[in-house]
Amino acid sequence: MTDTFSPPTPARLTRESVLADYALGWRSRHASLIGRREVLTGKAKFGIFGDGKEVAQLAMARAFRPGDIRSGYYRDQTFMMAVGALDLDQFFAQLYADADPDREPASAGRQMNAHFASRLRGPDGAWLDLTAAPQSIADLSPTAGQMPRLVGLGLASRLYRELPELAAFTGFSRGGDEIAFGTIGNASCAEGHFWETLNAVGVLRAPVLISIWDDGYGISVPSEFQIAKADLSEILDGFRRRPGSDEGIELVRVAGWDYPALVDAYLATAERVRRDHRPAVVHVADLTQPQGHSTSGSHERYKSKERLAWEEAHDGLRRMRQWLLAEGIAGESELAAIEAEAAEAARAAQRRSWDAFQAPILEEERRFVSLASALAGASRAGAEIDAILAALGRHVPMLRRHVLAAAHEVLIATAGESGPARAALLDWVRGNESENRVRYSSDLYAEGAGSALAVAPVAATWREDSPTVNGFEVLHACFDAALARLPNLVAFGEDVGHLGDVNQAFAGLQAKYGALRVSDTGIREATIMGQAIGLALRGLRPIAEIQYLDYVLYGLQTLSDDLASLRYRTRGAQAAPVIVRTRGHRLEGIWHSGSQMGALLSLLRGLWICVPRNMTQAAGMYNTLLAADDPAIVIEVLNGYRVKERLPANIGDFRVPLGAPETLRAGRDVTLVTYGACCRIALDAADLLARAGIELEVIDVQTLLPFDREDSILASLKRTGRLVVLDEDVPGGASAFILQQLVERQGGFWWLDAPPVTLTAREHRPAYGSDGDYFSKPSREDVVVAVHRLLRASDPARFPELY
Ligand SMILES: Cc1ncc(C[n+]2csc(CCOP(=O)(O)OP(=O)(O)O)c2C)c(N)n1
């Protein structure tokens with residue numbers, strides 16, 4: 001820890017711009033102080049602020065150019081203001097959870113405060129010019145969750161600089177000159193995501209500049225319990241790029257209160273990152289957190305008096321003030337005036353934002369009160385309604401939920417009454433609920449032109465001489481055509497580049513399209529997902545491979561928290577059309593035959609989940625997804641790559657619609673619904689059942705999300721009255737989801753003549769070996785027994801005992 005300023009004032013600093021920084025720093029500080037008060041007085045729910053980090057962020061902002069991209073966390077308000085991507089009104093609007101996207105453009109009230117995002121898409125979902133403004137990818141609360149996508153955000157600059165076929169993508173890059181700036185707290189550097197990201201950007205030589213905001217704590221836990229040797233710079237040293245070497249990461253350490261040194265460090269480091277396309281880490285040490293971690297606690301409980309005194313003495317803004325005076329840049333009275341103006345600007349913004357937040361809700365309340373008062377006059381529950389309205393009026397802040405809850409109370413109080421006043425209130429409630437469905441539930445998937453559901457299906461065609469090939473060759477032809485068709489398509493994963501993936505669907509395509517478009521990655525599933533997300537956020541179309549479905553778990557946090565929620569949590573301002581390619585269901589053993597579809601169904605709403613039964617269907621789904629703007633995961637059948645299929649003549653053009661089940665075999669007795677590798681088992685069972693005179697209808701859902709968009713399976717249930725769901729997930733996994741869709745959502749319940757049956761794998765992971773598989777997963781014989789038992793229960797005469 002040093003205690004003196006680095007003396008030189010960078011030549012690039014003008015007096016005017018330094019004082020503007022100082023003013024902005026204090027505006028931001030006052031926003032934090034007022035923000036905390038707003039939470040503690042109950043006007044906002046939770047607050048987390050960037051106080052103590054102002055000076056470092058003012059310096060970082062000086063190095064940030066339009067088109068650069070930030071992937072950071074909740075401490076960065078000063079930076080966001082300094083690059084012009086956030087104003088004080090928006091800061092408070094988000095604190096209040098204002099759901100108006102004009103006032104709170106980052107998330108329209110969906111994210112807690114200090115979770116920043118710029119708008120990458122227009123209202124119609126079309127890309128804006130990303131090079132024209134500073135960009136910020138939507139923040140996440142999970143610590144270090146912002147790291148994996150940095151890999152792709154940075155790598156994109158390399159692709160734009162080095163791939164001539166991308167020269168026309170001028171709305172995304174100016175010759176690959178953009179830097180991806182990451183920010184992370186010191187304690188979050190204990191997460192694996194941080195180290196995996198550093199390693200990946202080191203290997204990939206991605207122009208990424210990561211700042212570590214080091215205040216010595218993670219909430220209450222000091223560095224000694226977070227980081228080996230309690231010193232990030234020291235343990236990062238192995239990554240350091242050595243003099244004369246081209247490898248590794250540039251490391252810079254600078255004190256967080258030393259404004260001129262910070263400006264120097266950022267300007268010089270960023271220049272090298274931008275020019276040379278090499279990553280760097282700026283470890284900003286000795287930072288403070290004047291108000292403690294968040295509004296949920298107080299730091300006096302865990303920081304010593306000495307530490308608190310040290311923080312007071314090393315507050316960045318106060319130290320900047322001393323520097324301004326010592327250097328003669330400004331005098332006492334000028335600085336005092338700047339500070340007073342900053343406080344007033346923050347106060348005024350807070351008042352404006354509060355009024356703007358409350359105005360439309362108070363208007364809704366007024367409308368409701370007038371409808372309810374009219375009803376009170378005509379109702380025998382008049383006194384009760386008056387009491388409900390009086391209670392409603394006492395809420396501060398007034399929230400939509402208070403108004404709607406009161407409306408429901410009034411409707412309950414007047415149950416059984418009729419008349420125009422009640423009808424008007426009911427109408428208002430319905431309208432209000434549908435507005436709030438848009439306000440709080442829109443934009444999980446692309447809506448409109450970019451939706452994968454809007455892609456028109458194109459049937460596969462075969463010529464007489466279409467060859468019969470191995471399944472992987474169908475995929476190979478599909479990917480070859482796609483790489484030729486789409487210059488921004490890139491594919492990567494473990495063994496995808498040189499080898500062409502472990503099942504050869506990319507064999508030879510690296511040689512054909514180059515090592516930047518078809519590439520190998522390290523064994524790092526979380527950052528393979530992040531690589532894909534970052535690339536897709538910068539206009540590329542990634543197909544990112546996870547070698548086996550079982551290993552999606554390593555990348556699942558990133559897929560679920562970041563990718564799946566991205567469009568939703570920005571209300572459509574950001575989206576990343578990533579295609580995750582993997583293979584699963586059926587092969588061998590505990591970690592190569594998983595089918596944890598229930599988990600994926602729960603965690604990946606926001607992605608489409610495609611489960612093709614063969615490689616032709618898979619190819620058609622890839623073609624559909626590549627024509628759309630939605631993220632998706634495609635799970636190929638692991639043991640299907642050498643099964644023979646006929647190669648469609650229009651391999652690059654046919655498109656399998658999502659959410660459209662296919663009947664693989666018609667039958668009048670029982671409807672069996674399944675997907676993926678279980679289709680083969682169901683068809684084999686149907687053959688065997690036919691020998692006993694039983695007709696099984698076999699339906700392949702093809703995609704689990706979306707699920708049977710036109711309720712076509714219901715038509716089958718209406719005919720058979722009996723349902724078996726066949727699934728190789730555990731009991732209560734994907735089969736429970738399918739039942740919910742069929743029995744509840746589609747109303748299949750009303751057409752069933754017998755209880756529905758689910759046939760699943762056992763609760764344990766599948767044992768190794770073919771016998772292990774047979775006794776762990778549902779088999780042909782299991783299907784036969786279950787279907788027969790189902791029929792015999794209702795008609796023992798027609799279905800004699802089999803066993
Ligand atoms: C994965 C995860 N674990 C725990 C938390 C709860 N949490 C929020 S912030 C935080 C401390 C982060 O400390 P640091 O990285 O130093 O950043 P700072 O808040 O100090 O700037 C913790 C434990 C979380 N948000 N995400």
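The values are calculated or read from the model by the stated rules, or taken from the named source; none is laboratory data. Computed from a prediction, not measured in an experiment: that's the story for all the values here. Neighbour counts run over all protein chains shown; Cβ positions are idealised from the backbone, glycine included.
For the range 636-654, indicate whether the set of residues that are under 30 Å from PHE749 (Cα atoms) and either surrounded by fewer than 22 Cβ atoms within 10 Å (Cβ to Cβ) or aliphatic (A, V, I, L, M) (or both) is non-empty. Step through it out loud before you land on a result.
The initial filter retains those residues of the range 636-654 that are under 30 Å from PHE749 (Cα atoms), namely none.
Looking for residues that are under 30 Å from PHE749 (Cα atoms) and either surrounded by fewer than 22 Cβ atoms within 10 Å (Cβ to Cβ) or aliphatic (A, V, I, L, M) (or both), one finds none in the range 636-654, hence no.
Counting just the residues of the range 616-635 that are in contact with a Cys (Cβ under 9 Å, 6 or more places away or on another chain), over 15 Å from PHE707 (Cα atoms) and of a type in the set (A, V, I, L, M, F, W, C), which one comes out surrounded by the most Cβ atoms within 10 Å (Cβ to Cβ)?
If we take residues in the range 616-635 being in contact with a Cys (Cβ under 9 Å, 6 or more places away or on another chain), over 15 Å from PHE707 (Cα atoms) and of a type in the set (A, V, I, L, M, F, W, C), then ALA619 is surrounded by the most Cβ atoms within 10 Å (Cβ to Cβ).
May I ask you to say which residue of LEU86, LEU128, LEU150 is under 30 Å from ALA449 (Cα atoms), out of contact with any Gly (no Cβ under 7 Å at 6 or more places or on another chain) and at pLDDT 95 or above?
Values: LEU128 fails: out of contact with any Gly (no Cβ under 7 Å at 6 or more places or on another chain); LEU150 fails: out of contact with any Gly (no Cβ under 7 Å at 6 or more places or on another chain).
Every option except LEU86 fails the conditions.
Hand me the list of helices (runs of 4 or more DSSP H) wholly inside the range 49-143 holding 2 or more residues that are surrounded by fewer than 24 Cβ atoms within 10 Å (Cβ to Cβ) and away from the ligand (no atom under 16 Å from the Cβ). Write out each step before concluding.
On the way: elements: 54-63, 77-82, 88-95.
It comes to 54-63, 88-95.
Kindly indicate whether ALA446 is of a type in the set (Gly, Ala, Ser), assigned to a helix (DSSP H, G or I) and modelled with pLDDT of 95 or more.
For ALA446, the condition - of a type in the set (Gly, Ala, Ser), assigned to a helix (DSSP H, G or I) and modelled with pLDDT of 95 or more - is not met.
So is GLY185 within 20 Å of THR558 (Cβ to Cβ) and either of a type in the set (Val, Ile, Thr) or in contact with a Phe, Trp or Tyr (Cβ under 8 Å, 6 or more places away or on another chain) (or both) or not?
On the way: within 20 Å of THR558 (Cβ to Cβ): yes; either of a type in the set (Val, Ile, Thr) or in contact with a Phe, Trp or Tyr (Cβ under 8 Å, 6 or more places away or on another chain) (or both): yes.
Considered against the rule, which asks whether it is within 20 Å of THR558 (Cβ to Cβ) and either of a type in the set (Val, Ile, Thr) or in contact with a Phe, Trp or Tyr (Cβ under 8 Å, 6 or more places away or on another chain) (or both), GLY185 comes out as yes.
Could you please give the count of residues in the range 403-426 that are free of Cβ contacts under 8 Å to residues at least 24 places away in the same chain and under 26 Å from LYS43 (Cα atoms)? Give the derivation first.
Residues of the range 403-426 free of Cβ contacts under 8 Å to residues at least 24 places away in the same chain: 405, 408-409, 411-412, 415-416, 418, 420, 423, 426.
Next cut, under 26 Å from LYS43 (Cα atoms) only: 405, 408-409.
Matching residues across the range 403-426 total 3.
Would you please list the contacts, defined by Cβ atoms under 6 Å and residues six or more apart or on different chains, that run from a residue in the range 742-766 that is crowded, with 17+ Cβ neighbours inside 10 Å to a residue that is of a type in the set (Lys, Arg) and not in a loop (DSSP other than H, G, I, E, B)?
Listed by first residue and then by second, the contacts come to TRP751/LYS718.
Please work out if ALA387 is aliphatic (A, V, I, L, M) and touching a helix residue (DSSP H, G or I) at 6+ places or on another chain (Cβ under 8 Å).
Values: aliphatic (A, V, I, L, M): yes; touching a helix residue (DSSP H, G or I) at 6+ places or on another chain (Cβ under 8 Å): no.
Considered against the rule, which asks whether it is aliphatic (A, V, I, L, M) and touching a helix residue (DSSP H, G or I) at 6+ places or on another chain (Cβ under 8 Å), ALA387 comes out as no.
Any idea which of LEU163, LEU159, LEU130 is in contact (Cβ under 8 Å) with a residue 60 or more places away in the chain, of a type in the set (A, V, I, L, M, F, W, C) and in contact with a helix residue (DSSP H, G or I) (Cβ under 7 Å, 6 or more places away or on another chain)? Break it down into steps so the answer makes sense when it comes.
On the way: LEU163 fails: in contact with a helix residue (DSSP H, G or I) (Cβ under 7 Å, 6 or more places away or on another chain); LEU130 fails: in contact with a helix residue (DSSP H, G or I) (Cβ under 7 Å, 6 or more places away or on another chain).
So the residue among LEU163, LEU159, LEU130 that is in contact (Cβ under 8 Å) with a residue 60 or more places away in the chain, of a type in the set (A, V, I, L, M, F, W, C) and in contact with a helix residue (DSSP H, G or I) (Cβ under 7 Å, 6 or more places away or on another chain) is LEU159.
Go through ALA378, ALA387, ALA405, ALA359 for me and flag whichever is more than 31 Å from the chain's Cα centre (by Cα), modelled with pLDDT of 95 or more and over 30 Å from ARG567 (Cα atoms). Even if it seems obvious, please write down each step before you answer.
Working: ALA378 fails: modelled with pLDDT of 95 or more; ALA405 fails: over 30 Å from ARG567 (Cα atoms); ALA359 fails: over 30 Å from ARG567 (Cα atoms).
The match here is ALA387.
If the Cβ limit is 8 Å and pairs must be 6+ apart or interchain, which residue in the range 789-802 that is surrounded by 14 or more Cβ atoms within 10 Å (Cβ to Cβ) pairs with which residue that is modelled with pLDDT under 90 and charged (D, E, K, R)?
LEU791/ARG798; ARG792/GLU801
What single numbered condition from (1) more than 13 Å from the ligand (Cβ to nearest atom); (2) more than 24 Å from ILE69 (Cβ to Cβ); (3) without any contact (Cβ under 8 Å) to a residue 60 or more places away in the chain fails to hold for PRO260?
All conditions pass for PRO260, except number (3).
I want to confirm something. Restricting to the range 9-45 and keeping residues that are β-branched (Val, Ile, Thr) and not in a helix (DSSP H, G or I), which single residue is farthest from ALA330 (Cα to Cα)?
Step one: list which residues in the range 9-45 are β-branched (Val, Ile, Thr), which gives 9, 14, 18, 34, 39, 41.
From what is left, the residues that are not in a helix (DSSP H, G or I) are 9, 14, 41.
Working: THR9: 14, THR14: 12, THR41: 37 Å.
Out of the qualifying residues, it is THR41.
Hey, among ARG605, ARG613, which residue is touching a helix residue (DSSP H, G or I) at 6+ places or on another chain (Cβ under 8 Å), surrounded by fewer than 22 Cβ atoms within 10 Å (Cβ to Cβ) and touching a residue at least 12 places away in the same chain (Cβ under 8 Å)?
Working: ARG613 fails: surrounded by fewer than 22 Cβ atoms within 10 Å (Cβ to Cβ).
Only one candidate qualifies: ARG605.
When you scan the range 701-718, how many residues do you find that are surrounded by fewer than 23 Cβ atoms within 10 Å (Cβ to Cβ) and either without any contact (Cβ under 8 Å) to a residue 12 or more places away in the chain or closer than 19 Å to VAL783 by Cβ (or both)?
1
From GLY530, GLY555, GLY508, GLY534, grab the single residue that is buried (at least 22 other Cβ atoms within 10 Å of the Cβ) and either among the aromatic types (Phe, Trp, Tyr) or farther than 22 Å from GLN596 by Cα (or both).
Details: GLY530 fails: either among the aromatic types (Phe, Trp, Tyr) or farther than 22 Å from GLN596 by Cα (or both); GLY555 fails: either among the aromatic types (Phe, Trp, Tyr) or farther than 22 Å from GLN596 by Cα (or both); GLY508 fails: buried (at least 22 other Cβ atoms within 10 Å of the Cβ).
On inspection, the qualifying residue turns out to be GLY534.
Of all residues in the range 144-158, how many are surrounded by fewer than 24 Cβ atoms within 10 Å (Cβ to Cβ) and away from the ligand (no atom under 16 Å from the Cβ)?
Selection size over the range 144-158: 1.
Failed condition for GLY175, given (1) without any contact (Cβ under 8 Å) to a residue 40 or more places away in the chain; (2) closer than 19 Å to GLY534 by Cα; (3) near the ligand (Cβ under 9 Å from one of its atoms), with all others met?
With respect to (1) without any contact (Cβ under 8 Å) to a residue 40 or more places away in the chain; (2) closer than 19 Å to GLY534 by Cα; (3) near the ligand (Cβ under 9 Å from one of its atoms), GLY175 is out only on (3).
Take residues that are closer than 30 Å to ALA446 by Cα and tell me which of the strands (runs of 3 or more DSSP E) falling wholly in the range 667-746 contain 2 or more.
On the way: elements: 670-674, 696-700, 703-705, 723-726.
Because the criterion is at least 2 residues that are closer than 30 Å to ALA446 by Cα, the strands (runs of 3 or more DSSP E) in the range 667-746 that meet it are 670-674, 696-700, 703-705.
Output the qualifying pairs, or none if there are none: Cβ atoms under 8 angstrom, residues six or more apart or on different chains, first residue in the range 72-87 and in contact (Cβ under 8 Å) with a residue 40 or more places away in the chain, second residue within 10 Å of the ligand (Cβ to nearest atom) and assigned to a helix (DSSP H, G or I).
TYR73/SER188
Do we find that TYR266 is of a type in the set (Phe, Trp, Tyr), within 14 Å of the ligand (Cβ to nearest atom) and surrounded by 14 or more Cβ atoms within 10 Å (Cβ to Cβ) in this structure? Talk me through it step by step, then tell me what you get.
Working: of a type in the set (Phe, Trp, Tyr): yes; within 14 Å of the ligand (Cβ to nearest atom): no; surrounded by 14 or more Cβ atoms within 10 Å (Cβ to Cβ): yes.
Criteria not met by TYR266.
Matching residues to (1) within 14 Å of ILE212 (Cα to Cα); (2) part of a helix (DSSP H, G or I); (3) in contact with a Lys or Arg (Cβ under 6 Å, 6 or more places away or on another chain); (4) of a type in the set (Phe, Trp, Tyr):
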site: SER233; (1), (2), (3), (4): yes, yes, yes, no
site: GLY238; (1), (2), (3), (4): no, yes, no, no
site: GLU247; (1), (2), (3), (4): no, no, no, no
site: ARG253; (1), (2), (3), (4): yes, no, no, no
site: LEU262; (1), (2), (3), (4): yes, yes, no, no
site: ARG272; (1), (2), (3), (4): no, yes, no, no
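How many residues are buried (at least 22 other Cβ atoms within 10 Å of the Cβ), more than 13 Å from the ligand (Cβ to nearest atom) and among the small types (Gly, Ala, Ser) when one looks only at the range 192-225?
2
Which one of THR288, THR295 is out of contact with any Asp or Glu (no Cβ under 7 Å at 6 or more places or on another chain), part of a loop (DSSP other than H, G, I, E, B) and of a type in the set (Val, Ile, Thr)? Let's see the steps before the verdict.
Numbers: THR288 fails: out of contact with any Asp or Glu (no Cβ under 7 Å at 6 or more places or on another chain).
On inspection, the qualifying residue turns out to be THR295.
Using beta carbons and a limit of 6 Å, which pairs, at least six apart or on different chains, have the first residue in the range 184-202 and closer than 15 Å to PHE239 by Cα and the second one more than 8 Å from the ligand (Cβ to nearest atom) and among the polar types (S, T, N, Q)?
Taking only residues 6 or more apart or on different chains, the pairs are GLU196/THR527; THR197/THR527; ALA200/THR527.
Is there any pair linking a residue in the range 204-230 that is over 28 Å from GLU300 (Cβ atoms) and aliphatic (A, V, I, L, M) to one that is within 13 Å of the ligand (Cβ to nearest atom) and part of a strand (DSSP E or B), with Cβ under 8 Å and at least six apart or on different chains, and which?
From residues that are over 28 Å from GLU300 (Cβ atoms) and aliphatic (A, V, I, L, M), the pairs are VAL208/GLY182; LEU209/GLY182; ILE210/GLY182; ILE210/THR183; ILE210/ILE184.
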